[in-house]
1. Determine, for B:SER19, A:SER207, A:SER159, B:SER197, the number of other Cβ atoms within 10 Å of each Cβ, and report the residues in order from fewest to most.
2. For region B:212-218, in order, what is each residue's ³J(HN,Hα) by Karplus, 6.51 cos²θ - 1.76 cosθ + 1.60 with θ = phi - 60°, in whole Hz (x at glycine and Pro)?
3. How many angstrom separate the Cα center of region B:12-62 from the Cα center of region A:166-195?
4. Given a cut-off of 30 Å, name the pairs among B:LYS64/B:LYS177; A:LYS64/B:LYS172; B:LYS64/B:LYS153; B:LYS5/B:LYS64; A:LYS64/A:LYS177 whose C-alpha atoms lie farther apart than that in the structure shown.
5. Return the average number of partner chain Cβ atoms within 10 angstrom of each residue Cβ along peptide B:154-167.
6. Estimate the FRET efficiency between B:GLU198 and B:LYS5 by the formula 1/(1 + (r/R0)^6), using the beta-carbon distance for r and 51 Å for R0, to the nearest 0.05.
7. Quantify how much of the Cα-Cα distance distribution of region A:96-227 extends past 18 Å, in percent.
8. Which ³J(HN,Hα) values, rounded to whole Hz and listed in residue order, are derived for region B:8-24 from phi using the Karplus coefficients 6.51, -1.76 and 1.60 in 6.51 cos²θ - 1.76 cosθ + 1.60 with θ = phi - 60°, glycine and proline given as x?
There are 2 protein chains.
Amino acid sequence: MTALKKNVAVVLVSGGLDSATCLAIARDRGFDCYALSFDYGQKSSSELDAARLVAASGNVLDHKIIELNMGTIGGSALTDDDISVPEQESEGIPVTYVPARNTVFLSYALAWAEVLNAQAIFIGVNALDYSGYPDCRPEYIEAFQTLINLATKVGVEGSVISLETPLIDLSKAEIIKTGAGLSVDYAVTVSCYQADSEGRACGQCDSCRFRSRGFKNAEVEDPTRYQ
Amino acid sequence: MTALKKNVAVVLVSGGLDSATCLAIARDRGFDCYALSFDYGQKSSSELDAARLVAASGNVLDHKIIELNMGTIGGSALTDDDISVPEQESEGIPVTYVPARNTVFLSYALAWAEVLNAQAIFIGVNALDYSGYPDCRPEYIEAFQTLINLATKVGVEGSVISLETPLIDLSKAEIIKTGAGLSVDYAVTVSCYQADSEGRACGQCDSCRFRSRGFKNAEVEDPTRYQ
């Protein structure tokens, strides 16, 4: 029987505003955090630079950046050079969708959680501002929790590695208010899909607009640096 | 609305006996197959050499080998240099267990299936000879099917990428009989966890013993080469 370590969590850290807030919440709940990021052929390398800063400022015990080579299977404007990032919001699922992204990310988080005997995995998905990604919905998260319980040695033994989504019902403004209350340094986070090498945002893409609107609605000063 | 290609499948190919049979079954059912293998820091490189031979002899349309860097999170005798492969069968879950392995493999298969608009994913798991891996059980596969339906753009649109496990209820002998009937060349497959660089098996590990017993019980000539 493997005992899970109740105060240990794996936290997915992208370098964006949401995952920085998610990490702060995990720490506020008393977890010792292990940060996990992915190099999946992002066009914008500043995303990973931001992830390093977020992990460091979150005092994590370890930060791993796993290279995914997702680009070899293509299919998204974020990783495929043949598709450009659109500036306009459109109906339905955006072309910036990376196939099976959260499924792949959570699979690695699960693998690491099992090795660490971590009791929880934190992911900063939210269903309200989710931009039409199917793998950010509550029903998807519930299905992954079921999978965790069946996939793992500890699950078979009756313990639960809990998949925590503290942002899932929050608006962008509520996320920012929560993070500001936990002293998250949003200046180091990057949300823009087309940020430059200094981490400065384009101010035009969906992600930039969600973020800017969030700070306004939260009445929190916006430290975002623009190009 | 994305139309799935009914005759296109992604097939997980490890280079072992089971996945070679699984690929032959997929082709026999009329699927055009895309083979997917993983370099996850296996100690035995002959496994990937075998995967290349299996994919080539199975006339797949494409074969991708994705580097996982699973070794960086450790936790298994197959990838971690600090743990040696045991020669004796023991009760419960073996130390050769790779954390979340099938979850990670299937996540990539799902990503590629989505990009290809493939209608099916084939994986050669079987529950009878499964050596105690939790992620080879039917209930695990059902949970992953549920996840697929919720995770994907096509799933949201009401189509189903079907997770196919044609070997799940078969014994090793039944798998070998099936494959022999489909002219699978088992000489190129490698099941051994400690095969040498020429693909010759140790004859001692659990996997070798399951395989040898399977050929005997199937009354099929065993082409396995030993060290």
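Quick note: the coordinates plus some simple rules give every number you see, no bench work behind them. These figures come from a predicted structure and were not determined experimentally. Note: ideal-geometry Cβ built from the backbone for every residue, glycine included; neighbour counts use all protein chains shown.
1. Numbers: B:SER19 27, A:SER207 22, A:SER159 17, B:SER197 9.
Listing B:SER19, A:SER207, A:SER159, B:SER197 from fewest to most nearby Cβ atoms yields B:SER197, A:SER159, A:SER207, B:SER19.
2. 4, 4, x, 4, 4, 5, 7
3. If you average the Cα positions of each part, the centres end up 44 Å apart.
4. Values: B:LYS64/B:LYS177 28 Å; A:LYS64/B:LYS172 39 Å; B:LYS64/B:LYS153 23 Å; B:LYS5/B:LYS64 19 Å; A:LYS64/A:LYS177 28 Å.
Pairs exceeding the cut-off: A:LYS64/B:LYS172.
5. Numbers: counts 1, 3, 8, 3, 0, 0, 0, 0, 0, 0, 0, 0, 0, 0.
Mean inter-chain Cβ contacts per residue within 10 Å come to 1.
6. On the way: r = 38 Å, r/R0 = 0.75.
E between B:GLU198 and B:LYS5, to the nearest 0.05, is 0.85.
7. On the way: 5247 of 8646 pairs.
Value for region A:96-227: 61 percent of Cα pairs lie more than 18 Å apart.
8. 10, 9, 9, 10, 6, 10, 9, x, x, 5, 5, 5, 5, 5, 4, 4, 4
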